[in-house]
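Here is the structure we will look at, set down as C-alpha cells.
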Amino acid sequence: MSTFVLVHGAWHGAWCWDQVAAELQGHGHRVIAPDLPGHGDNRCPLEQVSLQAYAGCVGQCLEQCDEKAVLVGHSMGGLVISQAAEINPQSIRTLVYLAAILLPDGGSLMSFMGEDDPEAIIPANLIPSQDGLSMTLREEVIREAFYAECSDDDVARAREKLCPQATAPLADTLKISDERFGLLPRVYIECLRDKAVPLKRQRTMQAQMPCQSVISIDTDHSPFFSAAGQLASHLESIAADR
C-alpha cells in the first residue's frame, strides 16, 4: 500500500479530491489532502499567502508520512509540489503533475499565464480584487474552464466552495535545483479536453521539463470529478511502478 499527498489547484481546496481519496482509501492506501493556506478551512489571511507558505503546508503533510509519499499536484498545485520537492526531496517517492504547471527554476505562474495563447480561457477572464490581494474568475466561464465534462451535482458543489485566489503565489518565482528537485522521478497526467491548461500548453511544459512517463486522460481539467475512478487507478499504477 502507498501514501498519497494530493495538492489542489487555484481557487479550489482539499474538497476537490474527495472522490479520488475515497477510491484510494478503499484499496487500503493512505491519503492526505490539505487545504493550502487561504483555501478551504485553512483561513490564513491573504497577506500571508505565498508560494513558500503553500510549500510549507505540503511539507508539514509529508512530515506526517511513515514512508515516502507519491506527491500529486493539480493545475497550480504543480508549482506547489515542485517547490515542496526542493525542500523535502527525502520524503517523496514520485512527483505527479495532473494537468499541472510544470516550470523550470525561476518560472512563475503569472509569467506562464501571460504568454499569448488563444485557447486559454482563464487569463482573459480574471477579476482582480480592489486591494489586489486576490482574484476570481468570471462566473460565466467557470464550467467551461474547469468542469466541462463533470456532472451538474459536482459543478454545483464546486461553485459553492471555490474561493478567491491569492495573487502573491502566482507571481512568486519557483526556486528548484537539479541536486534536490531534479533527483525525483516525475510523471505527467495530461487531460486531453482541458480548457484551463490547454493540451498544447501541457505538452510544451513536458518538452521543457521531461518526465519519466506521460499518461493521457480524455477529459476536462477536473478528472477528480469527471474521471475519478480512472484517475485513482492511474495513481495506483504509478505508485506500483515506483
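Can you give me the Rg/Rh ratio for segment 129-242, using Cα atoms for both radii and the Kirkwood formula for Rh?
Reported Rg/Rh, Kirkwood definition of Rh: 1.01.
How long, wide and thick is the chain, going by the Cα atoms along their three principal axes, in whole angstroms, largest first?
44, 37, 36
Residues in segment 132-173 near a label at Gln230, defined as backbone nitrogen under 17 Å from the 7 Å Cα→Cβ point?
146-152
In which sequence would Phe4, Phe225, Phe112 go, from the one with the fewest C-beta neighbours within 10 Å to the one with the most? Don't skip to the end; give the middle numbers.
On the way: Phe4 27, Phe225 24, Phe112 21.
Ordered from fewest to most neighbouring Cβ atoms within 10 Å, Phe4, Phe225, Phe112 come out as Phe112, Phe225, Phe4.
If I stretch the segment between Arg180 and Ala207 completely, what's the gain in nm (0.36 nm per residue apart, minus their alpha carbon distance), one decimal?
The span from Arg180 to Ala207 would gain 7.7 nm if fully extended.
Applying a 10 Å radius around every beta-carbon, put 99-108, 151-160, 134-143, 71-80 in order of their mean neighbour count, most first.
71-80, 99-108, 134-143, 151-160
Glu140 to Val214: FRET efficiency via 1/(1 + (r/R0)^6), r the Cβ-Cβ distance, R0 35 Å, to the nearest 0.05? Provide the component values of the computation, followed by the final result.
On the way: r = 33 Å, r/R0 = 0.93.
Computed FRET efficiency for Glu140 and Val214: 0.60.
Calculate, for Ala240 and Ile127, the FRET efficiency according to 1/(1 + (r/R0)^6) with r their C-beta to C-beta distance and R0 30 Å; round to the nearest 0.05.
Numbers: r = 43 Å, r/R0 = 1.43.
The formula returns an efficiency of 0.10 here.
For Gln25 and Lys161, compute 0.36 nm times the residue count separating them, minus their Cα-Cα distance, and round to one decimal in nm.
46.6 nm
Asp153 to Cys44: FRET efficiency via 1/(1 + (r/R0)^6), r the Cβ-Cβ distance, R0 25 Å, to the nearest 0.05?
Values: r = 29 Å, r/R0 = 1.17.
Here the calculated transfer efficiency is 0.30.
Run the numbers on segment 3-241 and let me know its relative contact order in percent, using alpha-carbon pairs under 8 Å that are six or more apart.
Across segment 3-241, relative contact order equals 23 percent.
Which one of Thr204, Phe224, Ala156 has its Cα pushed farthest toward the positive end of the charge dipole of the chain, where Lys and Arg give +1 and Asp and Glu give -1 at the Cβ?
Checked the options; the winner is Thr204.
Readers should treat all values here as calculations from the given coordinates under stated rules, not as data from a laboratory. Just so we're clear, the structure is a prediction, and the values are computed from it rather than from any experiment. Positions of Cβ are generated from backbone atoms using ideal geometry, with glycine treated the same way; all protein chains shown enter the neighbour counts.
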